[in-house]
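Before any comments, here is the structure.
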Amino acid sequence: MHRTLFADAISDYDDAKYVICGVPFDGTSCFRRGSRFAPHEMRDHSYNFEKYSSFFDIDMDDIKIHDDGDLEVAQDVETTLDLISVHAEKYITDGKIPVMMGGEHSLTLPFVRACKKKYPDIGFVVLDAHMDMREEYEGELNSHACISRNIFEKITSKYASIGIRSGMREEYDYVKANKIMMFSAEDVFSMGIENIIAGIRKNIQGPIYLSIDMDVIDPAYAPALGTPEPYGITPRDVRAAISCLAPQIVGFDLVEIAPAYDSGGTALLGAKIVRDFLASSAKARS
Ligand code: MN
Ligand code: MN
């Protein structure tokens, strides 16, 4: 049975603080496609969970959540980004916190750009196995492999990444040359996620956009990904990062689940992470 709306998203648009949207686009994905099916699968799996979040001690149906459905996409990435930026800007202008379910990582750009218009000092924190610091990938400037580079160069230098364990030598050189705040998956193991987040919060004190590329998590927990990368962090690390940053988060996304590559566990975990973001943010703002 497939449900059309995310579980407990029972507010209408005007009343909502949080607006969930799906973006079923995976046009630049290079290895395994299929993240366009993730919004549908995450909505479906969201019905697995109790309304009461024991971890955050909050009832999900007390949170003002609206599900705006899936946004219209095109065949090519540029047109798609233009189409969704209209919605991203509306959500932010209307005072909502957008919760975007991808789709691939390139879709993050219009949401962060919309936040920048409203919050000129916006910071960007990304959890990802990959640098995504390429200048272009196979001729495409808006590839998912370039998203961090685009955000750092075009939107905000208040940037930090966590969980990194893959990139070209040139990307590592670029990060070093530009003194970019980057924590590897090994750093998470040795320093602890709470200490890493505390360090980031010293540097980025204003509003934050948090982007979670699902492949930051070890493929043992989350195998259904476009580009799985072993030696990852745990789901608990991700929940801790979300809850430590929650008071500052003004926009959120979760991208890169390709549901066809397992029997539902990764979409289930994705749905739980979205719910945990909603719960932790609502709790932090109450
Ligand atoms: Mn990635
Ligand atoms: Mn990515």
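Every number here is computed from the coordinates shown, using simple stated rules; none is lab data. Only a predicted model underlies this, so the values are computations on that prediction, with no experimental measurement involved. Positions of Cβ are generated from backbone atoms using ideal geometry, with glycine treated the same way; all protein chains shown enter the neighbour counts.
Pull up the DSSP beta bridges for the chain and report the antiparallel fraction as a percent, rounded to 5.
Antiparallel bridges make up about 10 percent of those DSSP assigns within the chain.
Starting from 0.36 nm per residue, how many nanometres of slack lie between residue 86 and residue 191 once their C-alpha separation is accounted for?
33.8 nm
Only Cα pairs within less than 10 Å get springs; with that Gaussian network setup on the chain, which residue of 175, 188, 23 has the largest fluctuation?
Among 175, 188, 23, the largest mean-square fluctuation in the Gaussian network model of the chain belongs to 175.
Taking 18 Å as the cut-off for C-alpha to C-alpha distance, list the pairs among 117/202; 90/118; 64/118 that go past it. Write out the running numbers ahead of the final one.
Details: 117/202 23 Å; 90/118 11 Å; 64/118 21 Å.
The pairs that break the limit, which is 18 Å between Cα atoms, are 117/202; 64/118.
What is the spin-label model distance, in nm, from residue 180 to residue 55 if the labels are put 7 Å beyond Cα along the C-beta direction?
Between residue 180 and residue 55, the simple spin-label model gives 2.8 nm.
Could you give the length gained on full extension between residue 168 and residue 30, defined as 0.36 nm per residue of separation minus the Cα-Cα distance, in nm?
Contour length minus the Cα-Cα distance gives 48.2 nm.
What ranking do 267-277, 217-227, 129-139 get when scored by the average of other Cβ atoms within 10 Å per residue, highest first?
Values: 267-277: 23.7, 217-227: 21.5, 129-139: 19.2.
Taking the mean over residues of other Cβ atoms within 10 Å, the ranking is 267-277, 217-227, 129-139.
Using only the Cα atoms of region 162-286, build the gyration tensor, take square roots of its eigenvalues as a ≥ b ≥ c, and label the shape rounded, prolate or oblate: rounded if a/c is under 1.5, else prolate if a/b is larger than b/c, else oblate.
Note, shape of region 162-286 comes out oblate.
By Kyte-Doolittle mean hydropathy of at least -0.5 and Cα axial length of at least 18 Å, which whole DSSP H helices of the chain are selected?
The answer, listed by residue number, is 77-93, 265-285.
Can you tell me which aspartates and glutamates have their Cα less than 15 Å from the Cα of residue 179? Leave out same-chain residues fewer than eight positions away.
Straight-distance partners of residue 179: 153, 170, 171.
Quick one: length gained pulling residue 15 to residue 203 fully straight, 0.36 nm per residue minus the C-alpha distance?
Answer, rounded to one decimal: 64.3 nm.
GNM on the chain, C-alpha springs below 10 Å: top fluctuator among 178, 150, 142?
Of the options given, 178 has the highest mean-square fluctuation.
So how do 231-243, 66-78, 49-61 stack up, highest first, on mean other-Cβ count within 10 Å?
For the peptides 231-243, 66-78, 49-61, the packing ranking is 231-243, 66-78, 49-61.
Return the percentage of antiparallel bridges among DSSP beta bridges fully within region 77-234, rounded to the nearest 5 %. Please report the intermediate quantities before stating the final value.
Working: 1 of 16 bridges.
Of all bridge pairs located within region 77-234, approximately 5 percent are antiparallel.
In terms of the Cα gyration tensor, with a ≥ b ≥ c the square roots of its eigenvalues, is region 187-232 rounded because a/c is under 1.5, prolate because a/b exceeds b/c, or oblate?
It comes out oblate by the Cα gyration axes.
Whole number please: convex hull volume per residue, Cα atoms of region 213-286, in Å³.
73
At 222 nm, what helix-only mean residue ellipticity would the chain give, in deg cm²/dmol to the nearest 500, using -39500 (n - 2.57) for each DSSP H run of four or more?
-11000 deg cm²/dmol
Cα atoms only: what Rg and Dmax, in Å, come out for the chain?
Every Cα atom of the chain included, Rg and Dmax give 17.0, 51 Å.
Taking a ≥ b ≥ c as the square roots of the eigenvalues of the Cα gyration tensor of region 162-209, is the shape rounded (a/c under 1.5), prolate (a/b larger than b/c) or oblate?
Values: a/c = 2.45, a/b = 1.33, b/c = 1.85.
Oblate, since a/c reaches 1.5 and b/c is not below a/b.
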